[in-house]
Structures are given as C-alpha cells and as structure tokens.
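The structure appears right after this line, and notes come after that.
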Ligand SMILES: [Zn+2]
C-alpha cells in the first residue's frame, strides 16, 4: 500500500504480523485481566482490535501511543480513567480503520496519538480536531493523505497555524487540492492498485464533489496521455 506517511520503522514498530500473533498473545492474558476486573473488558476489546489492524502486540501498541500504564489493576481502580482510555482508543481505532495497509494504519495511530500529547487536547478535543473542517482530517486519511490529515487536525486543534495565518503565499485565494501529486499520479497511472481498493474508491467519490481535485486529476491524466 502507498501512503504519504514517511515515518520509518522504529524500534517499537514491531515486525510483520506473521512474527507475532498479537491477538493470540492478548487472548492468553485476557482471562486473567477479565477475572481481575471485568470493567477492563471493554477497554481490552478495543485494544485487541487496534492490535489486529496494526499488527502490534500489546506493549508495542502502548509504546506507540505513548502510554506508560502497564498495570491493569491500578487502571481498574479509576473508572473515569478507564472511560477516557476507552474513548481514546476507540478514536484511534476509528481513524486507523479508514486507511488500508498495516504501515498506513500504524502511521495514523502514531500521528493521532502525537496530536493528543498537546496539553490542550483531551479526548473530546481530539475527536473534534479530527472531524473539523470542510475536508476533515478523517476525510484526508480516507484519501490516503495521512500527513495532510494530521496537519489540518493540528490547525483545528489550535496547535499549528493555518497557511494563511503564517503569511502571504502564492496559493492564497486558490482552491485547495486535497490530493498530493504523487497520489494523483498513481491514481491516473497503471499502478492504481497500489492505492488499495477502498482508497481508490474514496478518491473517485471525492473527485466527483471537488472541482479543484477533479481539475488536478484531469490535468495529470492529460499529461500522462501526452507523454505516452
Ligand atoms: Zn478535493
């Protein structure tokens, strides 16, 4: 799968899903945890689904979202914290499930978790930042534009300045093209399959409703035809 996520693998990225079976690993600890406190079952369930789509084991998931909590019994004593963690993981799951491919899903989880590290962003703030705007961060993710999604979410959360707030730019007043050039070129080229079926369908649907992106795609299509 092709995404614009430039985050290379790091030591907590984990290997391919075949090396670990995170779901199995968690299944082993699950009866223990559930016995310990059934209030954690919902939280564990969401964590398992996140592990499944990212291919991370439990510690890798917690490392990558910057969670230092490893003691479930301490967590179980704080219902409000359980609720916050559950909402947070559910938000990450919803965002990550919108992209295709393990690498892209990991990228979305890491970027959303990074966003939530800002002092001013609680879980509700994260949800609001991800869904804010004419084309929201979540919609950018669906187009495969993960870095752009994070950027609009950071602006929406008030932790980054919008381009027009930074200073005059040659793009001021021009309609926004939401697709990056490399993705447009893949979309109009022979390698469209690299985008993932669902992402390609999302792009097709977006173009129908977005004149700027439609024009950009048609321009590149013509350029490609002329070069052949
Ligand atoms: Zn567009």
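Exactly one residue among 144, 107 is buried (at least 17 other Cβ atoms within 10 Å of the Cβ), assigned to a helix (DSSP H, G or I) and touching a helix residue (DSSP H, G or I) at 6+ places or on another chain (Cβ under 8 Å), and that residue is 107.
Checked against the criterion of being at negative phi, at pLDDT below 95 and within 14 Å of the ligand (Cβ to nearest atom), the candidates 117, 134, 211 yield just one match: 134.
Residues being in contact with a helix residue (DSSP H, G or I) (Cβ under 9 Å, 6 or more places away or on another chain), in a helix (DSSP H, G or I) and closer than 26 Å to residue 108 by Cβ are represented in the range 217-227 by at least one member. Scanning the range 70-101 for residues that are assigned to a helix (DSSP H, G or I) and closer than 19 Å to residue 201 by Cα yields a count of 3.
The residue pairs whose first member lies in the range 114-137 and is outside any helix (DSSP H, G or I), whose second member is at pLDDT below 95 and exposed (fewer than 15 other Cβ atoms within 10 Å of the Cβ), and whose beta carbons are closer than 7 Å, counting only pairs six or more residues apart or on different chains, are 117/66; 120/158.
Count of the range 161-204 residues, restricted to those that are assigned to a helix (DSSP H, G or I), exposed (fewer than 14 other Cβ atoms within 10 Å of the Cβ), within 14 Å of the ligand (Cβ to nearest atom) and in contact (Cβ under 8 Å) with a residue 12 or more places away in the chain, is 1.
Condition check ((1) outside the structural domain of residue 218 (by TED's automatic domain parsing); (2) more than 30 Å from residue 44 (Cβ to Cβ)) across all residues:
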residue: 89; (1), (2): yes, no
residue: 129; (1), (2): yes, no
residue: 152; (1), (2): yes, yes
residue: 191; (1), (2): no, yes
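The values are calculated or read from the model by the stated rules, or taken from the named source; none is laboratory data. Bear in mind that the values here come from a model prediction, so they are computed numbers and not experimental data. FYI the Cβ positions are ideal-geometry reconstructions off the backbone, even for glycines, and counts take in every protein chain you see.
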